[in-house]
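Asker: I am attaching a structure below and will ask some questions about it afterwards.
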Amino acid sequence: MTTSVDSPLLTVEGLTKRFGTRMACRDIEFSLWPGEVVGVVGESGSGKTTLLGCIAGHVTPTAGRVWFETREGDKVDLAALSESDRRRRLGHDMGFVHQNPRDGLRLDVSAGGNIGEPLMRAGMRHYGAIRGLAAEWLGRVEIDAARIDESPRRFSGGMQQRLQIARNLVTNPRLVLMDEPTGGLDVSVQAKLLDLIRQLVADLGLAVILVTHDLGVARLLAHRLMVMQDGRIVETGLTDQVLDDPHEPYTQLLVSSVLPL
Amino acid sequence: MSASGYNFAYLDEQSKRMIRRALLKAVAVPGYQVPFAGREMPLPYGWGTGGIQVTASIIGRKDRLKVIDQGADDTTNAVSIRKFFARTAGVATTTRTAEASIIQTRHRIPERPLQHGQILVFQVPIPEPLRWLEPRETQTRRMHALADYGAMHLKLYEDIARFGRVTTAYDYPVQVNGRYLMSPSPIPRLDNPKLDRSPALQLFGAGREKRIYAVPPFTSVKSLDFADHPFAVERWSYRCARCGADDSYLDEIVVDDRGGRRFICSDTDYCDSRLQPQATLP
């Protein structure tokens, strides 16, 4: 383990993604350090999800580089890595929490199986150990361990989302990408989930890229904020600074659009 | 002897060459499913069209063919295929495992250990072991390419979590030569250990799905399991009602209208040879 806080975990350089004539991401540049939570905010269609997809490997960027520092301390360009190399070099260093837990879970498999699957993919072949970890993680995301053999279909939306988070964290990733993790949940459930995410991120020292259009979520979780508009990063800075003293007209509009309670 | 108007062993020589090329590739990459241009055969899919094409491509005039269906030599499928090759190739046939150079089989591996030089040809209905969890062929091929088999263990996990043991009793998935995940065709789990380091060449033909795969002699074939739930074959307290064998796979047969039943060996040749060790069949 030669990773240190001196060097960024992830460095994005000149990332561009074009869908036909439409530019989804234009010349995105930023770095992410270990243990840092960066929020990406902006309206729908501003390129947030495409940016996340480029880093996760779901989308191949048109141009640019995505440097990731592996556990061995080498830097690899995720944009140029083949799928097999990606798996070999990255292992399970990156998690992805989908907005809709149905996209990130297997609904016809028990809760324990859902948490155990990444472990089995990583080569774990001891049933007792897998089950032990699954039970432990159910506890950490505040799901009753007695429901380990139940299908997530019978879980509430908030529980499904917590289960998805457990499934992503069980392999000890260093970077977790979250796409609207609290979208579609009612506010009290959202609050509990945000608490949980904040606590886990702090405990595990995770680096997180959090895509959201909810500025409240961003304020609560993110250390730093990037504001995207029309595929560009228009403003970046510390979360409080961006939200309390926005410089760009678009950010000012965005911040002033939040309905006060 | 053989029927006129047909090429030797029914298939034309070009088709046989195409299938042999697929077979060579399959042997070179154990467990990998090689696509091939499966031909129409004079029997419906599901009756062994894949196995027949493989047998037709490898059989020679000096071969002696045995065909079994669920272990038995005397069931419809086995009798028709044996007669098919007797007529179209004029080759000698046998029901004795020890005398056969090629054994085409459906759903069983003979009880009697196979010898080096023998070839076992399996009829395969569904060659893709990942099909139950991923219906798209593009995705399963990708999973094979990346050796992404973790999800397969998920099925075992679910079984143990729910029933305390793995309940898959046939078509139990195996990993060949430490690489490719393979469906052993619907043989009972009891037969799985016979695949491992078998001295015989094992060829698998799926006619409907048009896939061929192979396990070369002395290749490791490991049934999926967990370290703390190792793979094990089932054991019964029954013995064969005919020959008394306690180590063979048994068929349950209803013998009267009052629910009476007997268990006898599914491998007819094994059962017969235990009853009459010296007998020579005509």
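Asker: Return the loop-located GluC sites (Glu not before Pro) in the range A:1-105 (DSSP other than H, G, I, E, B) with at most 15 other Cβ atoms within 10 Å of their own Cβ; answer none if there are none.
Answerer: Passing sites in the range A:1-105 are A:GLU43, A:GLU72.
Asker: A further question follows. In whole angstrom, how far apart do the alpha carbon centroids of the range B:1-32 and the range A:119-138 sit?
Answerer: So the two Cα centres are separated by 46 Å.
Asker: With each run of n ≥ 4 DSSP H residues scored as -39500 (n - 2.57), what mean residue ellipticity at 222 nm is computed for chain A after dividing by its residue count and rounding to the nearest 500 deg cm²/dmol?
Answerer: Helix-only estimate at 222 nm: -11000 deg cm²/dmol.
Asker: Among the listed pairs B:LYS155/B:LYS222; B:LYS25/B:LYS66; A:LYS17/B:LYS155; B:LYS25/B:LYS155, give every one whose C-alpha distance is greater than 28 Å.
Answerer: Long pairs (Cα-Cα over 28 Å): A:LYS17/B:LYS155; B:LYS25/B:LYS155.
Asker: Okay, moving on. Would you give the gap between the C-alpha center of the range B:173-225 and the C-alpha center of the range B:112-129, rounded to a whole Å?
Answerer: The range B:173-225 and the range B:112-129 have Cα centres separated by 7 Å.
Asker: From the Cα gyration tensor of the range A:43-128, with a ≥ b ≥ c the square roots of its eigenvalues, which class applies: rounded if a/c is under 1.5, or else prolate if a/b is larger than b/c, or else oblate?
Answerer: Here the range A:43-128 falls in the oblate category.
Asker: Okay, next question. Relative contact order for chain B: what is it in percent, counting Cα pairs under 8 Å that are at least 6 residues apart?
Answerer: 21 percent
Asker: For the range A:102-232, rounded, prolate or oblate, judged on the Cα gyration tensor with a ≥ b ≥ c (square roots of eigenvalues), a/c < 1.5 rounded, else prolate if a/b > b/c?
Answerer: Prolate shape, in that a/c is at least 1.5 and a/b is the bigger ratio.
Asker: Right, next: Working out 0.36 nm times the residue gap between A:SER44 and A:SER256, then minus their Cα-Cα distance, what length gain in nm do you get to one decimal?
Answerer: 74.6 nm
Asker: So if I place +1 on the C-beta of Lys and Arg and -1 on the C-beta of Asp and Glu, and nothing else carries charge, what would the dipole magnitude of the range A:182-250 be about its Cα centre? I want it in debye, nearest 20.
Answerer: On the way: 5 positive and 10 negative charges, 45 e Å.
Rounded to the nearest 20 debye, it is 220 debye.
Asker: Out of B:GLN175, B:PRO188, B:CYS240, whose Cα points farthest toward the positive end of the dipole of the range B:125-282 (charges: +1 Lys, Arg; -1 Asp, Glu; placed on Cβ)?
Answerer: B:GLN175
Asker: While we're looking at this one, here's another question. What are the trypsin sites (Lys or Arg not before Pro) within the range B:5-103 that DSSP puts in a loop, where the Cβ has at most 15 other Cβ atoms within 10 Å? Please list the in-between numbers first.
Answerer: Numbers: sites: B:LYS16, B:ARG17, B:ARG20, B:ARG21, B:LYS25, B:ARG39, B:ARG61, B:LYS62, B:ARG64, B:LYS66, B:ARG82, B:LYS83, B:ARG87, B:ARG96; in loops: B:ARG39, B:ARG61, B:LYS62, B:ARG96.
Those that pass, being in a loop and sparsely packed, are B:ARG61, B:LYS62.
Asker: What dipole magnitude, in Debye to the nearest 20, does chain A give about its Cα centre under +1 on Lys/Arg Cβ and -1 on Asp/Glu Cβ? Walk me through the numbers on the way to the answer.
Answerer: Numbers: 29 positive and 33 negative charges, 186 e Å.
It works out to roughly 900 debye.
Asker: Let's see if you can work this out: charge +1 on each Lys and Arg Cβ, -1 on each Asp and Glu Cβ, no other charges. What is the dipole magnitude of the protein assembly as shown about its Cα centre, in debye to the nearest 20?
Answerer: Using Cβ point charges on Lys, Arg, Asp and Glu, the protein assembly as shown gives about 2420 debye.
Asker: Give the range of the longest stretch in chain B that excludes all GluC sites (Glu not before Pro) found in loop regions by DSSP and having at most 12 other beta-carbon atoms within 10 Å.
Answerer: On the way: sites that count: B:GLU40, B:GLU234.
With GluC sites (Glu not before Pro) excluded where exposed in loops, chain B gives B:41-233 as its longest stretch.
Asker: Also: By the gyration tensor of its Cα atoms, with a ≥ b ≥ c the square roots of the eigenvalues, what is the shape of chain A: rounded for a/c under 1.5, prolate for a/b over b/c, or oblate?
Answerer: Note, shape of chain A comes out oblate.
Asker: Please find the FRET efficiency linking B:ARG258 to B:THR168, where r is the Cβ-Cβ separation and R0 is fixed at 30 Å, and quote it to the nearest 0.05.
Answerer: Working: r = 33 Å, r/R0 = 1.11.
It comes to 0.35.
Asker: Comparing A:VAL97, A:VAL38, A:VAL141, which has the greatest mean-square fluctuation in the GNM of chain A with Cα pairs linked when under 10 Å apart?
Answerer: It is A:VAL141.
No lab work stands behind these numbers, since they all come straight from the coordinates. Not measured: the values here are computed from a predicted model. Neighbour counts are summed over all protein chains in view; Cβ atoms, including those assigned to glycine, are modelled from backbone coordinates with ideal geometry.
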